[in-house]
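The values are calculated or read from the model by the stated rules, or taken from the named source; none is laboratory data. Given the structure is predicted, the values throughout are model-derived calculations rather than measurements. Cβ placement follows ideal geometry from the backbone for every residue including glycine, while neighbour counts extend to all protein chains displayed.
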Amino acid sequence: MDGVIRVRLDLAYRGTDFAGWARQPALRTVQGTLEEGLARVLRLDDVRLTVAGRTDAGVHARGQVAHLDVPDAAWDALPGRSGRAPENALVARLAGVLPNDVVVRRAARAPEGFDARFGALARRYTYRVADDPARFDPLARDHVLWHRRPLDVEAMDRAMAPLTGLRDFASYCKPRPGATTIRELQELTWRRETSGPEAGLLLASVRADAFCHNMVRALVGASLAVGEGRRPESWPREVLEARSRVGGPTVVAPHGLVLEEVVYPPDAELAERAERVRARRLDEEVLDASGNVVPGAPTC
């Protein structure tokens, strides 16, 4: 696109006081906060971000990725008299206007064909659980779930392993009319940390090509049911095969969930990947009565 530069932003946020990623009227959201800050710094009337994965209220991110298109003139004006590169000037200026629960760690001109949403190969989340009162740390309360029964982490890990692969996760997703629930779950593992500041905590690592609404938190809910002995290790697979939310797992609280990483292909493959995924996802979009696209639901 002539006269426009696509910029990749790598960012992190504490989701506690946000009503999720997506802009909503009269609510404080990550997208709204960032777009207002960018408009102020770039001196533009309107800024629109495209994000790798929308997150729910209370969900945090360390490795979120977004992109925006910036007019050449606004980009070139960023350094002012500082002599800094526009990328560095943008990060520095955003640090001066954004609240302290969201930070843009890096800005860079995106390679040809980059699309933060459609170009991603995978998103990786972690979920943290403390099942020992000795690990109930009030300073970590907004990103660790306190669970008051001891958990068998080995049983949890074994129970969730059969769910990996390309599968229909209808039993683990909040239904959205017209949208597919087929996802490629690339990893779902549990471990108990044995050293460092998180020693004793249970950590789930969950990676997929994409996630449908509430999917990660429902998978964690199924894991906890097995870990405390309320359900057998075969139950999560049985739930998956039922393809129904009826009698399915509890969706756990959002605050233990963190988006850690978004993975992209090599630069030479970005455009092809984005076009292929865009075509598939647009086929899955939900239309309202007027034929307009309904905004996508949060992904976790």
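Worth pointing out:
- The single residue among 204, 199, 161 that is crowded, with 22+ Cβ neighbours inside 10 Å, more than 30 Å from residue 113 (Cα to Cα) and hydrophobic (A, V, I, L, M, F, W, C) turns out to be 204.
- Answer residue from the range 259-268, given it is modelled with pLDDT of 95 or more and not in a loop (DSSP other than H, G, I, E, B) and is farthest from the chain's Cα centre (by Cα) among those: 263
- Inter-residue pairs, beta-carbon under 8 Å, first surrounded by 14 or more Cβ atoms within 10 Å (Cβ to Cβ) and in the range 129-147, second part of a loop (DSSP other than H, G, I, E, B) and of a type in the set (Asp, Glu), 6+ apart: 130/137; 144/137; 147/131; 147/228
- Selected residue [closer than 19 Å to residue 277 by Cβ and within 15 Å of the chain's Cα centre (by Cα)] from 168, 209: 209
- Residue selected from the range 2-47 under the condition touching an Asp or Glu at 6+ places or on another chain (Cβ under 7 Å), closer than 16 Å to residue 109 by Cα and not β-branched (Val, Ile, Thr), by the criterion modelled with the highest pLDDT: 6
- In the range 38-52, the residues that are touching a helix residue (DSSP H, G or I) at 6+ places or on another chain (Cβ under 9 Å), closer than 14 Å to residue 66 by Cβ and in a loop (DSSP other than H, G, I, E, B): 47, 48, 49
- Qualifying strands (runs of 3 or more DSSP E) (wholly inside the range 152-258; at least 1 residues being among the polar types (S, T, N, Q) and under 30 Å from residue 133 (Cα atoms)): 182-192, 202-208
- Scan of the range 100-124 for residues that are touching a residue at least 40 places away in the same chain (Cβ under 8 Å) and more than 30 Å from residue 166 (Cβ to Cβ), ordered by number: 101, 102, 103, 104, 105, 106, 107, 108, 109
- Within the range 233-243, the presence of at least one residue that is at positive phi and among the basic types (Lys, Arg) is confirmed.
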